[in-house]
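Have a look at the structure below before the remarks.
The numbers here are math on the coordinates, done by the rules we state, and not lab data. Treat the numbers as computed from the prediction; the structure is a model and nothing was measured. Quick reminder, even Gly has a Cβ in these numbers, built from the backbone with ideal geometry, and neighbours come from all protein chains shown.
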Amino acid sequence: MDRYKTRWAYTFLAFPILFYIVVRYYPTFNAFYISMTDWNIVSKEKHFIGLANFKLLFSDEVFYQTMGNTIRYTVYGLPIGLLLSFTLAYLIDRAGALESFFKAAYFVPYITSLVALSWVWRWLYQQAPIGVFNNILISLGLPQQGFLYDKDQALYAVLAPTIWAYVGFQMVIFLAGLKAIPERYYEAASIDGASRRQQLFRITLPLLRPTVVFLLIVGSIYYLRIFTQVYNMSYQGGGGPLNATKPIVLHIYNSAFRHFEMGYASALTVILFAIIMVITLIELRVTKSHD
């Protein structure tokens, strides 16, 4: 009977394993091979050229610019999003009867289409009399701002709705972590005379460390792979002005499907994969060292 159960267990496990091999692992390893070829995606022939694509990549100014933009999205977006989501979760956890309403209100942007959100925010950023933000500035006696059309403001204009759309997911995860903390810890701390601030830093935050680790990892991947917002908010999806908002994933997309340089696009993909892998391992190592 045990052998019979084991056989059926492995049979059912074989389906998701097969799915991951075909849909995940094969394309991943195939990308490594394609990165060492000269392939225009239209032709079936792939010419092996070794590391030539990587040499070209490191002499490409657009690569450095898009990589810098991607890092800025991550460095600015991740901590701001974590701080906002934890603050919201901490306050909503004490909202009583209105907790469900606030959770739904902040979670709705996360489940809404990013394309729709991006176009709404693009409309909000327009010049007056169309754009809502510039109309508000004018009513306050302040000058209009370029937002998406200003080289110095465009990246932050894209980052704002990106954080806003993702903060609902982070908030729900923080709420789950807060609910998992036993209430008796707070009761014991209150009896000992601990203030709310002391309870926050001595009980809540230390016990939320696994939650923070998870959100750091998935958040890093989210911001490093930003694409939809930039493609829909910048002019003709170009990541402008002057590549000021263009992330590495958009550079990969343009290389593969606009310039038909699939080998070069795959080389960019391999670099992005390596960066995500290194950052994830560093985050795991750093957080593990503090356990």
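Summary of values
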quantity: Sorted by Cβ neighbour density within 10 Å, fewest at the top, the residues E283, E261, E187; calculated: E187, E283, E261
quantity: Partner lysines for K46 [C-alpha distance under 28 Å; skip if fewer than 8 residues away on the same chain]; calculated: K55
quantity: Residues listed by number, region 199-216, amide nitrogen under 13 Å from D192 label point at 7 Å toward C-beta; calculated: 199-204
quantity: The chain, Cα convex hull volume normalised per residue, Å³; calculated: 221
quantity: FRET efficiency, L13 to Y90 (Cβ-Cβ, R0 41 Å, nearest 0.05); calculated: 0.55
quantity: Cα-based radius of gyration of region 183-291 once divided by 2.2 N^0.38 Å, which approximates compact folds; calculated: 1.63
quantity: Projected-area average for region 195-234 over all orientations - Cα convex hull basis, square nanometres; calculated: 4.1
quantity: Per-residue Cβ neighbour rank within 10 angstrom, fewest leading, K46, K246; calculated: K46, K246
quantity: The chain: calculated mean residue ellipticity at 222 nm from DSSP helix runs of at least 4, using -39500 (n - 2.57); calculated: -22000 deg cm²/dmol
quantity: Residues with amide H under 5 Å from that of D38, placed H, sequence gap 5 or more; calculated: H47, F48, I49
